[in-house]
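For reference, the structure discussed in these notes is given below.
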Amino acid sequence: MKITDVKMEKFSIELSEPFNVAFAQITHTVSIIVKIETDEGYVGYGEAAPFAPVTGETVDGCLEILSLFRQGLIGMNPLDIEKAHAMMDGLAHGNGSAKCAVDIALYDLKGKVMGQPLYRVLGGYDNVVQNDITVVINPPEKMARQAVHFVKDLGYHILKIKTGICPEEDLRAISLIREAVGPDIRLRVDANQGYNYSQAIAMLTEMKKYGVEAIEQCLPDWDLDGAARLRRQGSGIQLMLDESVHTIRDAAKICKAEAADIMNLKLMKCGGLYRGAQINAIGESFGVPCMVGCMIETKISITAGLSLVAAKKNITEADCDTFLFYKDGDTGMPGGFEIEGDQFRLLDKPGLGLDISF
């Protein structure tokens, strides 16, 4: 079997309301859908969701890199996934979301060739994932109302609270949310690099009063020494790294430095499922569990991310929720998984299991 063509198309996503985090306000985004065709009729779909503040990529730059990859892919066997990654790494450093698009398309195609859903292709630990949902930065009272809606109306048991702009307002929001949702709902905080070391120390002490179980990326992505120092303080709150984790080498450095209790891997940062599984294996070898998160993405990479969570025992948490904030949650691509409350069940359809018309 050989790859005969690689096609690309821009895909615009509009959010139902702004998605506010410490370093950005997101109202819409543009992804790139990739379609890989073969001489035996099998087709695979992937996605690049470049986000300059995190991946350092733009849509136009990503299209240029994908055009380079296209030349190397045509004529290649689509099942030679490691070879495809070696080719891409030889052509371009970084560019995680462009590599991710090719990677997901190859795995989707592999699942179709095998006649198996992606979560089984990747490992097959389970087919049900408990997902969290994000409370974005807004006035604290609005954040508390949104949290109540997520818990009482939608059935979520894990809330991820965005913080990092104003510590005082952050604590007020956490306090109001805990009061509103009660003691049994799990709370995580994501500061998106918004605190310095002194602020982080103070915030950890205060957040413990409200039963926060984990804080994600409270320091700048480069500050592994600071992250390790925070962790040695023994606050009782798990310290998670996200923006610090792009490559397998990043994961190894973090684990050796004992700088994280859990690592958040994102397909767009690391280059897709192949590298994501490697990062998880590094974490597992050091006794560090992982979470799979997401950017603002279509159902293609959301399904891929959930499939990786379902496939691996060491990936204990899922933060693949951004599609819930879109005006069209399916992004025109039904299938992939079913939702019951915060339980996401992967479908037993080959590959991603999505109905895509492109």
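The values are calculated or read from the model by the stated rules, or taken from the named source; none is laboratory data. It should be emphasised that the depicted structure is a prediction, and the values quoted were computed from it without experimental measurement. Neighbour counts run over all protein chains shown; Cβ positions are idealised from the backbone, glycine included. Each accessible area value is taken on the protein alone, full model and side chains, heavy atoms only, with ligands, DNA and RNA left out. Shrake-Rupley method; radii C 1.70, N 1.55, O 1.52, S 1.80 Å.
Things to note:
- Shape call, the range 118-243: gyration tensor on alpha carbons, a/c limit 1.5: oblate
- Cα gyration tensor, the range 54-187 - rounded (a/c under 1.5), prolate or oblate: oblate
- Cross-link partners of Lys10 among aspartates and glutamates, defined as those whose alpha carbon lies under 16 angstrom from its own and excluding same-chain residues fewer than eight positions apart: Glu47, Glu57, Asp60, Glu64, Glu297.
- Proximity of backbone amide H atoms, modeled 1.01 Å from N, is registered between Thr298 and no other residue at under 5 Å, excluding neighbours fewer than 5 places apart on the same chain.
- The angle separating the long axis of helix 197-208 from the principal Cα axis of greatest extent in the chain is about 80 degrees.
- On Cα atoms only, tilt of 96-114 relative to the major axis of the chain in degrees: 60 degrees
- Probing with 1.4 Å while keeping every protein chain in the model, the per residue accessible area of the chain equals 39 Å².
- Net length available on complete extension from Thr4 to Gln343 is 118.2 nm, with 0.36 nm assigned per residue and the Cα-Cα distance removed.
- Projecting label points 7 angstrom from Cα along Cα→Cβ for Asn20 and Arg172 puts them 1.2 nm apart.
- Among 62-71, 171-180, sorting by the average number of other beta carbon atoms lying within 10 angstrom of each residue, highest first, gives 171-180, 62-71.
- Simple rule: put +1 on each Lys or Arg Cβ and -1 on each Asp or Glu Cβ in the range 1-154, find the dipole, and look at Pro78, Phe11, Thr134; the Cα lying farthest toward the positive end is Thr134.
- In this Cβ point-charge picture (+1 for Lys and Arg, -1 for Asp and Glu), the chain has a dipole of about 560 debye about its Cα centre.
- Using alpha-carbon coordinates, inclination of helix 167-181 to the longest axis of the chain, degrees: 90 degrees
- Taking every C-alpha pair closer than 8 Å and separated by at least 6 residues, the mean separation divided by the residue count of the range 225-358 gives a relative contact order of 17 percent.
- The range 146-236: relative contact order in percent, alpha carbon pairs under 8 Å with at least 6 residues between: 29 percent
- Rounded, prolate or oblate (a/c below 1.5 giving rounded, otherwise prolate when a/b exceeds b/c) for the range 298-358 by Cα gyration tensor: oblate
- Pairs over the 21 Å Cα-Cα cut-off, from the set Lys2/Lys349; Lys209/Lys313; Lys35/Lys110; Lys2/Lys35; Lys83/Lys110: Lys2/Lys349; Lys209/Lys313.
- Each of Ala318, Gly123, Ala191 was scored by the projection of its Cα onto the charge dipole of the chain, and the greatest displacement toward the positive side belongs to Gly123; charges sit on the C-beta of Lys, Arg, Asp and Glu.
- Thr134 long-range amide H proximity, modeled H, under 5 Å: Lys160
- Computed extension gain for Gln199 through Glu82, at 0.36 nm per residue and net of the alpha carbon distance, reaches 37.9 nm.
- In terms of packing, defined here as the mean over residues of other Cβ atoms within 10 angstrom, the peptides 147-155, 123-131 line up highest first as 123-131, 147-155.
- Under a model in which nothing but the beta-carbon of Lys, Arg (+1) and Asp, Glu (-1) is charged, the range 107-163 shows a dipole of about 100 debye around its Cα centre.
- Recomputing Rg and Dmax of the Cα atoms in Å from the coordinates shown identifies the correct label among (1) 19.6, 60; (2) 33.6, 99; (3) 25.1, 83 as (1).
- Accessible surface of the range 276-358, 1.4 Å probe, proportion on carbon and sulfur as whole %: 47 percent
- Rolling a 1.4 angstrom probe over the range 26-99 with all protein chains present gives an accessible area of which 51% lies on carbon and sulfur atoms.
- Antiparallel bridges, percent of DSSP beta bridges restricted to the range 260-358 (to nearest 5): 45 percent
- Considering only Thr205, Ile282, Gln238, the residue lying farthest towards the positive end of the dipole of the range 183-318 is Ile282, judged by Cα position with unit charges set on Cβ.
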